[in-house]
Amino acid sequence: MNTAWTFPAFLQQQPRALLEHFTPGRFGTVLLLLFMSWLIIQWMARLLEFLSESAPRARFFFKRLEPVTRIAIWFAAIFVCFDLLAPSRETFFAAMASVGIALGLGAQDLVKNVVGGLVILTDRPYQLGDRVRIGAAYGEIHHIGLRSTKLTTPDDTRVTIPNADVLVEHVYNANSGLLDCQVVTDLYLPPATDAAAALRIGHEAALTCPYLLAKKPIAVQVMDGFSDQPYLKLRIKAYVYDHRHEPAMISDITARAKGELLKQRLLEWRSGEE
């Protein structure tokens, strides 16, 4: 009967042992170690950012190193700090039990996010610099941490997504670690538009775009649609040489195609189409 209560009794006897290890000197060493780790991470992030900008073709290689190195440094620092504050086996188990109780009582979401961060680092559905869609958010990944992922949308809005949500959401990756990606531009034309002329204009607009990656194919399609009224959708698919120029490429192709469509009077709605 008494053995069933040995562990709680052990916990009740440990606060004094724990306090004996929590000396000002140990706390000072831990704070200094954490501060130095933070400085190293900041310096490393700036160095990798400089290297990625200096060598654009190797940008994703340096981007891939940043989150892994950052998290490894934090894990190493936390392990050393824990060893300094809890050197004995009994104290270690007491501290781990206290942490387990705290997590069980109120930190389930944090644990889920940390597990999600580790899954992201190992499974790698995306990496720094990728353009992804997670749920309703779309943009470039700028930060991958143990708790959350941060991306910046094309209109320069920063979105923070808990890593636990990434495990249950569909993740759409536009470039998967490559510098280029496919860009889709949709134009909506009157339903009676000459489809052959629209296809030709769409192809020429993509071919003359300054952001085009010429070695990749261009695909132009037309399809009928209806929303309030019928229309002809012109879809232009081409590759941008650097995915950071995706919004600029869509704007350029749209301007070129619409300019030629207006010049050839193909955007005029004829009687009976309204």
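The values are calculated or read from the model by the stated rules, or taken from the named source; none is laboratory data. This structure is a prediction, so every number in the text was calculated from the model and none was measured. Reconstructed Cβ throughout: ideal geometry from the backbone, glycine too, with neighbour counts over all protein chains shown. Side chains are part of the model used for accessible areas, which takes the heavy atoms of the whole protein and leaves out ligands, DNA and RNA. Shrake-Rupley method; radii C 1.70, N 1.55, O 1.52, S 1.80 Å.
Computed from backbone phi, the HN-Hα couplings of region 27-32 come to 4, x, 5, 5, 4, 5 Hz, rounded to whole numbers (Karplus: 6.51 cos²θ - 1.76 cosθ + 1.60, θ = phi - 60°; Gly and Pro given as x). Carbon-plus-sulfur accessible fraction, region 164-274 (probe radius 1.4 Å, protein heavy atoms only): 51%. Less than 5 angstrom separates the built amide H of S148 from those of N163, all sequence-distant by 5 or more or on a different chain. On the basis of the beta-carbon distance and an R0 of 41 Å, R265 and A76 show a calculated FRET efficiency of 0.05. Hey, how much of the P(r) for region 205-257 falls beyond 15 Å, as a percent of Cα pairs? Tail of the P(r) past 15 Å holds 50 percent of the pairs. Working from label points 7 Å from Cα in the Cα-to-Cβ sense, the K216 to L121 distance is 3.0 nm.
In region 132-199, the ratio of gyration radius to Kirkwood radius, Rg to Rh, stands at 1.17 when only Cα atoms are counted. Here the Karplus curve 6.51 cos²θ - 1.76 cosθ + 1.60, taken at θ = phi - 60°, turns the phi angles of region 212-221 into couplings of 6, 8, 5, 6, 9, x, 10, 10, 10, 9 Hz, with x standing for Gly and Pro.
Residue-wise HN-Hα couplings along region 180-187, as the Karplus relation 6.51 cos²θ - 1.76 cosθ + 1.60 with θ = phi - 60° gives them from phi, are 9, 7, 7, 10, 10, 10, 10, 10 Hz; Gly and Pro carry x.
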